[in-house]
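Down below is the structure, laid out as structure tokens.
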Amino acid sequence: MDKLTKEQQTELEAAVFRRLVSHLRNRTDVQNIDLMNLAGFCRNCLSNWYLDAANEADLGLTKDETREIVYGMPYEDWKAKYQSEATPDKLASFEVNRPKE
């Protein structure tokens, strides 16, 4: 892919990430366990990947800060407002599909 400069690629990737985060913020009806069971990642994964990148760049962000970036509010507030109890079926599916790291 020689059409894009490295800077253009980075700008596009950042725009895509911002759009994904915005989409997930607007889809509070979709629970993290649903995302994990269907796609193998969730909002927490995104915030952890953000934290990994921040650590690699020695930026000193915390897990709570990166979660707030992804959730658009403190994680505990999001959980209290939007998170529902996972059903036994969803939990069983998660155990089967959980990422092996």
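None of the figures in this text is laboratory data; all of them are computed from the coordinates on show. None of the values given here were measured: they were computed from a predicted structure. Ideal geometry is used to build each Cβ from the backbone, glycine not excepted, and the neighbour counts take in all protein chains shown.
When you restrict to C-alpha pairs under 8 Å that are six or more residues apart and normalise by the size of region 6-97, the relative contact order lands at 31 percent. Dipole magnitude for the chain: about 320 debye, using +1 per Lys or Arg Cβ and -1 per Asp or Glu Cβ, origin at the Cα centre. Between the residues Gln9, Cys45, Ala80, the greatest Cα displacement towards the positive end of the dipole of the chain, with unit charges on the Cβ of Lys, Arg, Asp and Glu, is found for Ala80.
In this structure the amide hydrogen of Gly72, modeled in the peptide plane, comes within under 5 Å of no amide hydrogen from residues 5 or more places off or on another chain.
In region 1-90, which trypsin sites (Lys or Arg not before Pro) are in a loop and have at most 14 other Cβ atoms within 10 Å, using DSSP for the loop call?
Values: sites: Lys3, Lys6, Arg18, Arg19, Arg25, Arg27, Arg43, Lys63, Arg67, Lys79, Lys81, Lys90; in loops: Lys3, Arg27.
Of the trypsin sites (Lys or Arg not before Pro), the ones in loops of region 1-90 whose Cβ has at most 14 other Cβ atoms within 10 Å are Lys3, Arg27.
Here the spin labels are modelled as points 7 Å beyond Cα on the Cα-Cβ line, and at Asp34 and Ala14 they lie 3.1 nm apart.
Measuring spread by the Cα atoms of region 6-97 yields a radius of gyration and Dmax of 14.5, 46 Å.
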